[in-house]
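Comments concern the structure below.
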Amino acid sequence: MKIHRATFVAILLSSAVALGAEAVKPDRARLDQIQKSLSGDVPRVLCLDENFATGAQPTGDAYVKAAASGFRAVLNLRTANEGIDLARERARVESAKMRFFNIPVNSAAPRREQAQEFLRLTREPSNHPMLITCSSANRVGAFMMILRVVDQGWSEEKALEEAKRIGLRSPTLQQFAQDYIAAHAAPQR
């Protein structure tokens, strides 16, 4: 039986698409399982993809659970004057054998350099998967919006929708993200 080349290519493509869809389901199931595991210790936790999970201030065994789930780094966007002991946070994260990063973002006055540092840290594959947190996930939402548009080519609309799911609710932070994106994002094709 002879198969025409076009038919063969169509069969291969449909098989690849079907296999790709099947591969996504187990990954999402694994991410959902990790999210469920962390949910008691990380308010507003969202496992966005294989590289990033976001949430509010972790408590309890969050860092131990994150490390057990394969996380390599924690990026905290809180400032020391928020009543958090950042040295203690670092020690807890590092005792769980993960890297700890802190970018102290003031919600009322985020800075361009902080967005650049965020992008530098999130671009580094050795930091993935990474848990990104702040007190309520408000700042996390804004900075993830920047990452999604500037680095990953998302539309601003799609990134804003995700940012709000993460926890973005501050008009100041939203405007900061939009201004940064306007100055740094590649034009949409």
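Points to keep in mind about this one:
- Listed by position, the helices (runs of 4 or more DSSP H) inside region 110-189 whose residues that are open to solvent by less than 70 Å² (accessible area, probe 1.4 Å), among the small types (G, A, S) and at pLDDT 95 or above number at least 2 are 138-146, 156-166.
- Candidate set: region 69-94, residues that are part of a helix (DSSP H, G or I) and free of Cβ contacts under 8 Å to residues at least 12 places away in the same chain; chosen: the one nearest to the chain's Cα centre (by Cα): E94
Conditions tested, residue by residue: (1) open to solvent by 20 Å² or more (accessible area, probe 1.4 Å); (2) more than 18 Å from A137 (Cα to Cα); (3) of a type in the set (A, V, I, L, M); (4) touching a strand residue (DSSP E or B) at 6+ places or on another chain (Cβ under 7 Å).
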{"site": "F52", "(1), (2), (3), (4)": "no, no, no, yes"}
{"site": "A62", "(1), (2), (3), (4)": "no, no, yes, no"}
{"site": "A67", "(1), (2), (3), (4)": "yes, yes, yes, no"}
{"site": "L75", "(1), (2), (3), (4)": "no, no, yes, yes"}
{"site": "L86", "(1), (2), (3), (4)": "yes, no, yes, yes"}
{"site": "A91", "(1), (2), (3), (4)": "yes, yes, yes, no"}
{"site": "F101", "(1), (2), (3), (4)": "yes, no, no, yes"}
{"site": "P104", "(1), (2), (3), (4)": "yes, no, no, no"}
{"site": "A108", "(1), (2), (3), (4)": "yes, no, yes, no"}
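- The single condition among (1) of a type in the set (A, V, I, L, M, F, W, C); (2) within 19 Å of P129 (Cβ to Cβ); (3) modelled with pLDDT of 90 or more that A23 does not meet is (3).
The values are calculated or read from the model by the stated rules, or taken from the named source; none is laboratory data. Given the structure is predicted, the values throughout are model-derived calculations rather than measurements. All Cβ positions, even for glycine, are placed from backbone atoms using ideal geometry, and neighbour counts span all protein chains on display. Quick note on the areas: whole protein, heavy atoms, side chains included, nothing else; ligands and nucleic acids left out. Shrake-Rupley method; radii C 1.70, N 1.55, O 1.52, S 1.80 Å.
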